[in-house]
Structure formats: structure tokens, C-alpha cells
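Student: Please see the structure below; I have some questions.
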Amino acid sequence: MVSVRINAKFKDTLFRMIFGGKKELLDLYNAINHSNYQNPDDLIVTTIGDVLYMGMKNDISFLIGQYLNLYEAQSSWNPNMPLRGFFYLSRLYQAFVAEHEMDLFSKQLLKLPAPQFIVFYNGTKTQPDQMELRLSDAFLPSEKTPCLECVATVYNINYGHNSDLMEKCHKLYEYAYLINAIRSHLRQNLPLENAVDQAVKECIGNNILKGFLLKHREEVREMILSEYNEELHIKSEKKISYEEGQERVNLLIARLAEAGRTEDLIRSATDPEYQEQLFREFGLFPQCDW
């Protein structure tokens with residue numbers, strides 16, 4: 001049986017499409033860094049492309065001035081971004097050293113561009129406008145000072161967040177508007193296909209990403225919708241949602257214990273339908289990636 005599902009990575013891919021051009025990327029860089037670069041050719045793209053490393057692919061990396069920048073778009077909250085950034089940056093520095101024919105055994109200190117790692121988050125988990133994630137937070141307790149650090153600065157780019165940043169980079173605002181429009185139509189119980197179509201029409205009518213959407217309308221739609229084998233999908237979803245399901249069950253047990261509802265606690269352990277009823281009662285619905 002063939003059906004339609006949300007492509008969980010589409011928002012990340014859409015981000016790369018919108019900010020894949022030097023001009024758009026330079027505008028975003030200027031907005032983040034309060035700089036005023038005007039020439040897109042000042043920016044040198046260093047994105048690794050389709051090369052995968054440990055199953056991961058970086059979104060956009062580039063050199064400008066004395067800085068090596070890594071930009072990642074994330075639609076699912078991931079506290080391990082500093083570790084991922086460390087892997088990415090390591091590969092980028094290897095490429096930089098090789099391209100400039102630097103001698104690692106030189107008696108002179110090699111001069112390298114300073115790294116900047118930015119994560120643009122637009123998932124549904126509540127997060128502040130800006131925060132820092134540090135690689136050192138993942139290290140086991142030790143009396144010795146760790147010799148490594150990698151800091152990911154995370155910007156919440158959901159609609160309504162980081163208004164100053166959105167004002168400085170209008171394309172980022174438009175991207176947030178589009179994602180929010182799709183979510184809004186989904187909350188109106190529209191089927192996904194209709195929600196996407198309505199959101200795209202709304203954006204074009206309001207001059208939001210108009211040129212981009214008129215040119216890439218079908219590509220954007222295909223990013224969001226994909227055909228899949230339902231049996232394989234169900235197996236995949238069961239594996240992915242196992243830990244989230246366990247967390248919901250643990251929360252339900254805690255709520256029932258606090259309320260002294262021993263009989264409901266016992267019944268929920270053997271009656272899936274009753275357990276689902278209790279999930280609804282306590283508002284413990286599974287989180288949607290939108």
C-alpha cells in the first residue's frame with residue numbers, strides 16, 4: 001500500500017535551497033554578525049557537498065574574512081550539535097590545510113580562520129531565542145580540564161522569535177513565515193497536501209518568497225511529500241518513537257501515582273485503549289515534528 005508522509009528533513013533542505021546563493025547567505029551572515037559586507041564574492045563557499053561523514057552532512061559552510069562558518073538548520077531538537085559540529089569542522093580544516101598546502105610539521109605556527117558554528121532551529125520544542133550548546137557539557141565528570149571545546153550558538157527561527165534578526169534578514173523572516181503558514185493550515189485539520197498548497201498560495205499572494213516559490217513550487221512540494229512503503233514506514237516509525245513512547249508512559253505513571261489513582265495505574269498497564277484514554281486526559285500526546 002502506498003501513502004503520503006511528511007519528509008522529516010524537508011525544512012533543512014528548504015533552508016539550504018533558500019540560502020544556497022551567495023547573496024542570500026551574505027545577508028544572513030551580516031544579520032548574525034552585525035557586519036556590512038556588500039560583495040557576495042567576499043564569501044567563499046566550502047560546503048562539503050554530498051560527501052557524508054559518519055552518516056551526517058553539513059548544511060552550509062563558508063569562509064569570509066578571517067572566519068570559517070558552519071551553518072546548520074535543524075527541525076528536530078538535538079543536544080549533540082556541538083559534537084556534530086566538531087566532526088564537521090575537523091573535516092573542513094583538513095580540507096583547508098590540504099588546499100593551502102600547509103605543512104603540519106612546520107616550525108612556524110600555521111594561521112587558520114577562526115570557527116563560528118551557528119544552528120538555526122525551527123522545530124516544535126519550546127526553546128529560547130538564543131542559547132549556547134557546548135561540547136564540554138557531554139564530557140564525563142573529570143578533575144582535569146578538557147582539551148577540547150566546540151560551541152554551537154542556536155537561534156530559534158520559528159515565526160515570532162528573534163524579531164531583530166528577522167528584520168535584518170528578510171529572507172529568514174519569509175522562510176519562518178512559510179513554515180508557520182503550513183503549520184497553521186495543518187492545525188485547521190487540512191490534509192498535508194492541501195495545507196502545503198494553501199500555504200504556498202498564501203505566501204505568493206503576500207509576496208513572501210514569491211520569486212522562489214514560483215520557480216521552485218513543485219520542488220518544494222516534493223520535499224514535503226514523499227511516497228513510501230507503508231509496511232517499512234511503520235517499522236521505521238516504531239523504532240524511532242520507542243523512546244518517546246517510553247517517556248510518555250513514565251510521565252503517565254508519575255501523574256497517576258501523584259493523583260493516587262492506583263486502579264487506573266494497574267489497568268493502564270494491560271489495556272492499551274484505556275492507556276490512550278489516559279494519555280488524552282493528561283494531555284500527553286506524542287510530539288509532532290511540525
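The values are calculated or read from the model by the stated rules, or taken from the named source; none is laboratory data. Source: prediction; values computed, not measured. Backbone-built Cβ (ideal geometry, glycine too); neighbour counts: all protein chains shown.
Student: Tell me, which residue of segment 161-208 that is at pLDDT below 95, outside any helix (DSSP H, G or I) and not hydrophobic (A, V, I, L, M, F, W, C) is surrounded by the most Cβ atoms within 10 Å (Cβ to Cβ)?
Tutor: Result: P191.
Student: May I ask you to verify whether E72 is over 23 Å from the mean Cα position of the chain (by Cα) and among the charged types (D, E, K, R)?
Tutor: Spelling it out, it is not the case that E72 is over 23 Å from the mean Cα position of the chain (by Cα) and among the charged types (D, E, K, R).
Student: Would you say P40 is surrounded by 13 or more Cβ atoms within 10 Å (Cβ to Cβ), of a type outside the set (K, R) and modelled with pLDDT of 90 or more?
Tutor: Yes; evaluated as a whole, the condition is true for this residue.
Student: Would you pick out the residues in segment 126-147 that are more than 26 Å from Y29 (Cβ to Cβ) and either in a loop (DSSP other than H, G, I, E, B) or small (G, A, S) (or both)?
Tutor: The answer is T126, S136, A138, F139, L140, P141, S142, E143, K144, T145, P146, C147.
Student: Going by the structure shown, is Q116 surrounded by 15 or more Cβ atoms within 10 Å (Cβ to Cβ), on the phi < 0 side of the Ramachandran plot, in contact (Cβ under 8 Å) with a residue 12 or more places away in the chain and part of a loop (DSSP other than H, G, I, E, B)?
Tutor: no
Student: Follow-up question, since we're still on this one. How many residues does segment 147-164 hold that are more than 20 Å from K125 (Cα to Cα) and either in contact with a Leu (Cβ under 9 Å, 6 or more places away or on another chain) or among the hydrophobic types (A, V, I, L, M, F, W, C) (or both)?
Tutor: 5
Student: Here's another thing I want to ask about it. Tally up the residues in segment 126-135 that are modelled with pLDDT of 95 or more and surrounded by fewer than 16 Cβ atoms within 10 Å (Cβ to Cβ), please.
Tutor: The qualifying residues number 6.
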